[in-house]
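J.: Input: one structure, supplied below.
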Amino acid sequence: MQVIIESYQRDRPRNFFECGRRPIDNWYKNNSKKCFDRVEYRVFEAIFPATGRVVGYYALQIGNESMAALPSKPADYTKNYTAFPAVHLAFLGVHRECQRKGVGTALLSDVFDKVYQISEIAGMYALTLQSYDEESTAFYSSLGFEPYSDSKASPKMLMPIRTIRALVEGE
Ligand SMILES: CC(C)(COP(=O)(O)OP(=O)(O)OC[C@H]1O[C@@H](n2cnc3c(N)ncnc32)[C@H](O)[C@@H]1OP(=O)(O)O)[C@@H](O)C(=O)NCCC(=O)NCCS
């Protein structure tokens, strides 16, 4: 399914949106506007061109994560860090009727492009996220994210910035 990914627009209809995970739907419908306005998150939306409707969204935030959270030290240069710099993918959802049609992959490809752009002006170690359940873990694993916490169902996952840069540069 081909989509266009655009920056968040305050007045787009969102009440119909349903990805099937209530916290992700509720944040989008009830909180995204105020979070966007106070620059707490930056939000991007996948639009289906034929209808102009939102079929998916994601939200990014600058973050950091304790080195102690990692099972092993990931790279020599991080040895003096107590926390590693990261961009955090805080929310991601695809409308129920549009799942398993490549929209989530298209949104993540856009995330990689955005994170690449950020890494041109500010350094980081990785893109991080916390998976919601086993299905989303299967999705993120299919894209190359690796778990770094023990939870089987809802692990923290990351992709090093070096991997993202290689992916984007190889496109
Ligand atoms: C997880 C989610 C974003 C994936 O988006 P999507 O558009 O359905 O994903 P894609 O079509 O791009 O899937 C790409 C690949 O990921 C894997 N995948 C996606 N959904 C999966 C699922 N439910 N179970 C197992 N594997 C899955 C598959 O390998 C899939 O390729 P395939 O369809 O050719 O088998 C979407 O299902 C969703 O919104 N789920 C509810 C909200 C949620 O869990 N968000 C993540 C919060 S951390």
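J.: Which of the trypsin sites (Lys or Arg not before Pro) found in segment 49-137 are in a DSSP loop and have at most 13 neighbouring Cβ atoms, other than their own, within 10 Å?
T.: LYS79, ARG100
J.: Taking a ≥ b ≥ c as the square roots of the Cα gyration tensor eigenvalues, with a/c under 1.5 meaning rounded and otherwise prolate when a/b beats b/c, else oblate, which class fits segment 101-171?
T.: Oblate, since a/c reaches 1.5 and b/c is not below a/b.
J.: For n ≥ 4 DSSP H runs only, could you compute -39500 (n - 2.57) per run for the chain, divide by its residues and tell me the 222 nm figure to the nearest 500?
T.: Taken over the chain, the calculation gives -8500 deg cm²/dmol.
J.: Further question on the same structure: What is the distance in Å between the Cα centroid of segment 1-44 and that of segment 144-171?
T.: Between the Cα centres of segment 1-44 and segment 144-171 lies a distance of 23 Å.
J.: If you don't mind, there's one more thing I want to ask. Hey, in the GNM for the chain with a 10 angstrom Cα cutoff, which one of THR105, THR82, THR128 fluctuates hardest?
T.: THR82
J.: If neighbour count is taken as other Cβ atoms inside 10 Å, put ASP113, ASP25, ASP133 in order from fewest to most.
T.: Fewest-to-most Cβ neighbours within 10 Å comes out as ASP133, ASP113, ASP25.
Quick note: the coordinates plus some simple rules give every number you see, no bench work behind them. Everything quoted here is computed from the prediction, not taken from an experiment. Reconstructed Cβ throughout: ideal geometry from the backbone, glycine too, with neighbour counts over all protein chains shown.
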